[in-house]
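Novice: To start, I am sharing the structure in question, which I have written as structure tokens.
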Amino acid sequence: MAQEERRAIEALLARHGFHLSKARGQNFLIDRETPARIAAASGADARTGVLEIGPGVGALSSELCRRAGRAVAVELDRGLLPILNETMAAFDNFEVVSADVLRLDLAALARERFAGLTPIVCANLPYNITTPVLTAILEARCFASVTVLIQREVAQRLCAAPGTAAYGAFSVYLQYHAEPALCFEVPPERFLPPPKVTSAVLRAVTRREPPVAVADEALFFRTVNAAFALRRKTLVNSLMTAFGALGKARLTELVVSCGLPADVRGERLGLSEFARLAAALGEAEA
Ligand code: SAM
């Protein structure tokens, strides 16, 4: 069956003279089941407006249109527009925006296109822009949830707990803004062409309120980034990369004043410990 579905997509692309681009992360889903599962996992329904990033030939788009009030898909590759015109012709709740998602004001797009609906995101992302796209979605602060197919390792990192090897600055960033969960894995043979890695669907429900009290978000994330800057070193040494002006002795005092061991490593800290540390650093710098 997968062979038949692969051949049907290859024939569609050939008929339009379209060649897949590796640089644009074009690994298209070829089976019917995976897009349906992703769309179902997103929770899209008649009250939601779904932003899709990179519709490709519309495999996921059609599943989203079946469920959502409206779907708007941002596609960078203009060569896919005539194909989408054909594959999505049956859906009157679908619109393509021909643009680079990283250059769009996503909050404005959601406001204009999804009036009266709850905006959510659902996409099989181009893997090379996973981090900037997720950042832009969270910064827009208007999407109730984000359901994305990404590299499994990246998905695991985003859900990782403090003290694990996978936990890093971007895990803290995502977990500050949202509650992520891994949904299911997708093997390489479900794509055309198959990527070298296994993929996974991550669903993150964005938080209405931050999970910890943070007076200065910029300082909070400066603290988090500094804590992970030198992964093999202690937190104090790592903090020296951004707060060196305070000196090592003062930084050690501050870390201990937050109830942490002087030789703790940055990856041990959870959100509340980072919040406490950022507040202490802010006071020391004032
Ligand atoms: N949704 C389709 C599917 O699941 O079969 C295609 C997913 S494919 C992994 C990624 C899609 O994102 C491609 O259609 C690619 O052209 C598009 N894309 C790549 N970079 C983009 C960008 N910066 N802005 C918008 N779309 C982009």
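Novice: Taking region 47-62 as the search range and keeping residues that are within 18 Å of Met88 (Cα to Cα) and part of a loop (DSSP other than H, G, I, E, B), which one is nearest to the chain's Cα centre (by Cα)?
Specialist: Gly54
Novice: Follow-up. Within region 22-50, take every residue that is among the hydrophobic types (A, V, I, L, M, F, W, C) and more than 11 Å from the ligand (Cβ to nearest atom) and give me the one that is surrounded by the most Cβ atoms within 10 Å (Cβ to Cβ).
Specialist: Residue satisfying both the conditions and the ranking: Val50.
Novice: Now for a different question. Give region 147-169 a look and list any residue that's outside any loop (DSSP other than H, G, I, E, B) and in contact with a Lys or Arg (Cβ under 7 Å, 6 or more places away or on another chain), or say none.
Specialist: Once the filter is applied, which keeps residues that are outside any loop (DSSP other than H, G, I, E, B) and in contact with a Lys or Arg (Cβ under 7 Å, 6 or more places away or on another chain), region 147-169 yields only Thr147.
Novice: Counting only residues that are open to solvent by 10 Å² or more (accessible area, probe 1.4 Å) and of a type in the set (Val, Ile, Thr), which one in region 83-97 is farthest from Thr130 (Cα to Cα)?
Specialist: This residue is Thr87.
Novice: Can you work out which of the residues in region 107-141 that are part of a helix (DSSP H, G or I), closer than 22 Å to Ala68 by Cα and open to solvent by 50 Å² or more (accessible area, probe 1.4 Å) is farthest from the ligand (Cβ to nearest atom)?
Specialist: Only one residue fits best here, namely Arg111.
Novice: Okay, next question. Could you check region 208-227 and list, in sequence order, the residues that are surrounded by 13 or more Cβ atoms within 10 Å (Cβ to Cβ), more than 21 Å from Glu153 (Cβ to Cβ) and not small (Gly, Ala, Ser)?
Specialist: Matches in region 208-227: Pro210, Pro211, Val212, Val214, Asp216, Leu219, Phe220, Phe221, Arg222, Thr223.
Novice: Is one or more of the residues making up region 63-82 within 13 Å of the ligand (Cβ to nearest atom), closer than 20 Å to Arg203 by Cβ, open to solvent by 10 Å² or more (accessible area, probe 1.4 Å) and out of contact with any strand residue (DSSP E or B) (no Cβ under 7 Å at 6 or more places or on another chain)?
Specialist: Yes, there is a match, as at least one residue in region 63-82 is within 13 Å of the ligand (Cβ to nearest atom), closer than 20 Å to Arg203 by Cβ, open to solvent by 10 Å² or more (accessible area, probe 1.4 Å) and out of contact with any strand residue (DSSP E or B) (no Cβ under 7 Å at 6 or more places or on another chain).
Novice: Are any residues in region 51-62 near the ligand (Cβ under 7 Å from one of its atoms) and farther than 19 Å from Glu33 by Cα, and if so, which ones?
Specialist: Ile53
Novice: Here's another thing I want to ask about it. How about region 75-106: which of its residues are in a loop (DSSP other than H, G, I, E, B) and among the aliphatic types (A, V, I, L, M)?
Specialist: Leu76, Met88, Ala89, Ala90, Ala99, Leu104 - these are the residues of region 75-106 that are in a loop (DSSP other than H, G, I, E, B) and among the aliphatic types (A, V, I, L, M).
Novice: Now for a different question. Do any helices (runs of 4 or more DSSP H) lying entirely in region 171-286 carry at least 3 residues that are within 26 Å of the chain's Cα centre (by Cα) and not assigned by TED's automatic domain parsing to the domain that holds His19, and which ones are they?
Specialist: In region 171-286, 217-227, 271-285 are the helices (runs of 4 or more DSSP H) which contain 3 or more residues that are within 26 Å of the chain's Cα centre (by Cα) and not assigned by TED's automatic domain parsing to the domain that holds His19.
The values are calculated or read from the model by the stated rules, or taken from the named source; none is laboratory data. Just so it is clear, the model here is predicted, and its values are computed rather than measured. We place every Cβ from the backbone using ideal geometry, glycine too, and count neighbours over all the protein chains shown. Remember, those area values only see protein heavy atoms, side chains included, never the ligands or the DNA or RNA. Shrake-Rupley method; radii C 1.70, N 1.55, O 1.52, S 1.80 Å.
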